[in-house]
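Read through the structure below, which is laid out as structure tokens, and then see the notes.
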Amino acid sequence: MIRVVIADDQVMIRDGLATLLDSDPGIAVVAQAGDGQEAVELASELAPDVVVMDIRMPRMDGLAATAQIASETGPRVLILTTFDLDEYVYEALGAGASGFLLKDAPAHDLIHAVKVVASGDALLAPSVTRRLIQDFARRRRHERPRTGAADALTPRELDVLRLIARGLSNAEIAGELFLAEQTIKTHVGHVLTKLNLRDRTQAVVFAYENGIAG
């Protein structure tokens, strides 16, 4: 069972999201927060798997809340965003968000996104979000020099990282490299551990920042 906290300052939106998520037998909404501060407190108290986080909220916005939750190795954060708020997506990536969902996406996409973010098994990357990640990484690359961290990866692990950066799932990577899916899962784990990355979203950013992809 995937345990979820919903953070949005509009009650009707929270209730609607909760009803939708609770309709899936594998998901349980355990609490709702009306602002970022409450989301941080509930994340610490309840230790859910995922926090579905709006950005613009009173007291503490979703970006600050995401940064605080991520810094404490807490739940994964799924950001709700819109096409015209690209700068927020850049900030959310820097804050440690694990996934993004456009607010005009079909309802069933939310259920899928929560499951993807909870598992960490695949990057939630609609084409628009992937472009934003690439642009974000290019900006960061100009701000700081590349690291030598990728030198610790084996050639096969580098192959896997490049395919992660393309948004491929473990099953798709296995097909590309003609390897077993469990083998790919092991390689992904090694990549994240060696690079000290939280999840696949951070792996994508790292790949673009360091010229490994794109």
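The values are calculated or read from the model by the stated rules, or taken from the named source; none is laboratory data. In this text the structure is predicted, and so the values were computed from the model without any measurement. Cβ coordinates were reconstructed from backbone atoms using ideal geometry, including for glycine residues, and neighbour counts include every protein chain displayed. For accessibility, only protein heavy atoms count, side chains too; no ligands or nucleic acids. Shrake-Rupley method; radii C 1.70, N 1.55, O 1.52, S 1.80 Å.
A few points about this structure:
- Applying the criterion of at least 3 residues that are small (Gly, Ala, Ser) and on the phi > 0 side of the Ramachandran plot to the strands (runs of 3 or more DSSP E) found wholly in the range 21-105 leaves an empty list.
- Close contacts from the range 65-93, counting a first residue that is under 16 Å from Glu45 (Cβ atoms) and a second that is modelled with pLDDT of 90 or more and open to solvent by 40 Å² or more (accessible area, probe 1.4 Å), with Cβ to Cβ under 8 Å and a gap of 6+ residues or different chains, come to Ala65/Gln37; Glu72/Ser44; Gly74/Ser44; Gly74/Ala47; Pro75/Ala47; Pro75/Asp49.
- Qualifying residue in the range 66-78 (condition: open to solvent by less than 70 Å² (accessible area, probe 1.4 Å), β-branched (Val, Ile, Thr) and in contact with a Ser or Thr (Cβ under 7 Å, 6 or more places away or on another chain)): yes
- Leu101 being at pLDDT below 90, closer than 27 Å to Asn196 by Cβ and in contact with a strand residue (DSSP E or B) (Cβ under 6 Å, 6 or more places away or on another chain): yes
- Pro75 being at pLDDT 70 or above, of a type outside the set (A, V, I, L, M, F, W, C), within 25 Å of Lys185 (Cβ to Cβ) and touching a strand residue (DSSP E or B) at 6+ places or on another chain (Cβ under 6 Å): yes
- Considering residues of the range 31-59 that are within 17 Å of Val117 (Cα to Cα) and among the aliphatic types (A, V, I, L, M) only, the residue most open to solvent (accessible area, probe 1.4 Å): Ala47
- Within the range 159-214, helices (runs of 4 or more DSSP H) holding 3 or more residues that are over 19 Å from the mean Cα position of the chain (by Cα) and within 27 Å of Glu91 (Cβ to Cβ): none
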